[in-house]
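Have a look at the structure below before the remarks.
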Amino acid sequence: MAFNYNIEEVPPADLPCVEHDIKRAKKFLQKHSPESGDSLYDHLTDVLNKILAERPKNAVDIFEQYSRQLKEERFRSRKDHLRDLYVPPAQYEDAKKLIELFRQPVQTSENGEDDPAGDDEEDETKRRKPNMLDLLYYFEQTGVGLPRAEMVILNLSIRKLMADNPIENVRFWGKILGRPKNYWVVEADLQEEEINRRIEATEAAEQTMREIDVSETVNENQDDAEKEAANAVLATDMESNDPAVEEKHLVLNFPPLPEGHWKPPPEIPSERIGTGVNKKTYFVSTSPGLDDWVELPTVTAQQIIAARLMVRCFTGNLETPIYTFPAFPGTEKNYLRAQIARITAATSISPIGWYNFGGDEEEEIGEEEEGLGGNISENPHYDPLPLKDLIDPSMSNWCHHRQHILKQGRTTWWNPNAPEEDEEEFAEEEDNEDDEGAPEAQQKEVGPPLLTPLSEDASVDAIPAWTVRQSSLVQPDFAVAIVRSNLWPGAFAFATGKRFANLYIGWGHKFTVYNYTPPSMPLVQDQYKIGPEVMEVQDPTFEMEEEWRIAHLPAPELPLMGEEEELLGEASPDEDEEDEDED
């Protein structure tokens, strides 16, 4: 009879055994707690099962929350049917910020009534808060817009922006897409006091820079004078015959250095705050309600010129450097501001008659002839156009109400030949003169006047600049006219009755018929003129050197007249010897 005994033999202490250690560790984890009656092994198993079932993004960060939640569920009374939902810390912080938007205080007057804008009707119109839900309602009918949740939060965020900054005439400009973040853009006007304050600060900074430049110029002139004096002393010493001085100052004759005759063109000045391309102020945010609104800097003429020559996607980080050719003067926030200025000038449209020129008739005529259009204001007696006129494919019932940006990157032409002090007087003289005989680079450029119909816009490779349609063919009585820009994809405008609005949702790039091709690098300029002084010459051979030496030998000296006769009369000894031999 055979017996089988399965006895686990304990290995010696000096010999490692992995299986034995694992079994001992498992037995330790399976020990039940005398307080709760649960074991750590079972608890870890449940936690891992829950994590694998839900698969959260950051499991290591929320492991403790899962453990606490399982313990609470295990020891909770069965009568409690409510279950606590886990909220990640990041979402919890975002929720607290959004709650603050809904707790904004309402401005009240002294009588206790709601008075968000004051008693003055003009101030009320300027400081009126935009209604994003109303804007969304009309754009949704045309298939354009943003999610309703975003519009609600955006509406509250704009109200907070107006309360924290001295701005007025606020409107939602649009959304510029980027990777990995997008930009929400708000357009506004600075209050007059704020504009004056910023202009004074800018003038003070410019005056300080002028004083610094003048001091640097004076120092450079002093250094040049000292160098010239030192060179004069050195030349005087070299002219002396003292051999010690000659040995001390060894003169090396080098060819003259090349002189550069090219001068950079004058820098085009930027337009001041409150005028031209800087008439409006723009605020951007990558997440309204969660991130703060950031005011974009003013745009310069050089930035607009460089932005026309490049195409670049946005990243959502305003401080991202831009490495392109030609070089862009600034970071992504400057490029974003330049693109906003270009899009605004090209796609801000309205129905004919919505705006009219303000001021006297004489001023209006002069402004129209100037081509700038002057100041425009809303027409209080506007008669709404019927839908059939608004959707006319000729686009003669829509017009531009923003100034055109010239090739100089400005809305008003700047004369590069005018002196800085008498620039205004020089400009008036140039207006009276005939520009036909002036060179092309100096001819005054005039853009189209304000309120120019869209029918005059040029097409791009047989593609019309604008496309118009109505929102519904089934219910034309409630339809909305929608206009889409083909030159700047993402720019839309709608009109119905006495309401219209502009909106941009796109990547911020202009349409190109062909693929974008960056400009080629300029040719490398010659440092000096090519000539025999700097060209490499082949070494001559011995025969060539001998031929040159013989050709340059001095000519023999000719004898005088008397000496020639004596030489002819005397016979040479060689000739006498020859005669004797013949005899």
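Only the coordinates and a few stated rules stand behind these numbers; no lab work does. Predicted model, so just to flag it, every value in this text is computed and none were measured. Cβ sites come from the backbone with ideal geometry, for glycine too, and all protein chains shown count toward neighbours.
Worth a mention:
- Pairs exceeding a 20 Å alpha-carbon distance, out of LYS160/LYS279; LYS181/LYS279; LYS31/LYS71; LYS96/LYS333: LYS160/LYS279; LYS181/LYS279; LYS96/LYS333.
- C-alpha center-to-center spacing [the range 177-214, the range 141-157] in angstrom: 30 Å
- In loop segments of the range 127-197 as defined by DSSP, there are no trypsin sites (Lys or Arg not before Pro) with at most 10 further C-beta atoms inside 10 Å of their C-beta.
- The phi torsions of the range 308-314, fed into the Karplus equation with coefficients 6.51, -1.76 and 1.60 and a -60° offset, translate into couplings of 6, 9, 9, 9, 8, 7, 7 Hz, rounded to whole numbers, with Gly and Pro shown as x.
- Sites LYS96 and ASN317, calculated FRET efficiency, Cβ-Cβ separation with R0 25 Å, nearest 0.05: 0.50
- Subtracting the Cα-Cα distance of ARG74 and GLN538 from 0.36 nm times their residue separation leaves 157.2 nm of extension gain.
- Separation between Cα centres of the range 385-417 and the range 502-543, rounded to whole Å: 37 Å
- Sequence-distant residues sharing a close amide H with THR411 (under 5 Å, placed H): VAL277, LEU406
- Couplings 3J(HN,Hα) of the range 197-208, computed from phi: 5, 5, 5, 4, 5, 5, 5, 5, 5, 5, 4, 5 Hz, in residue order, whole Hz [Karplus 6.51 cos²θ - 1.76 cosθ + 1.60, θ = phi - 60°; x for Gly and Pro].
- FRET E, pair LYS129, TYR528, Förster distance 60 Å, beta-carbon r, rounded to 0.05: 0.35
- Cut-off under 5 Å, modelled amide H: who pairs with ALA501 long-range: PHE494
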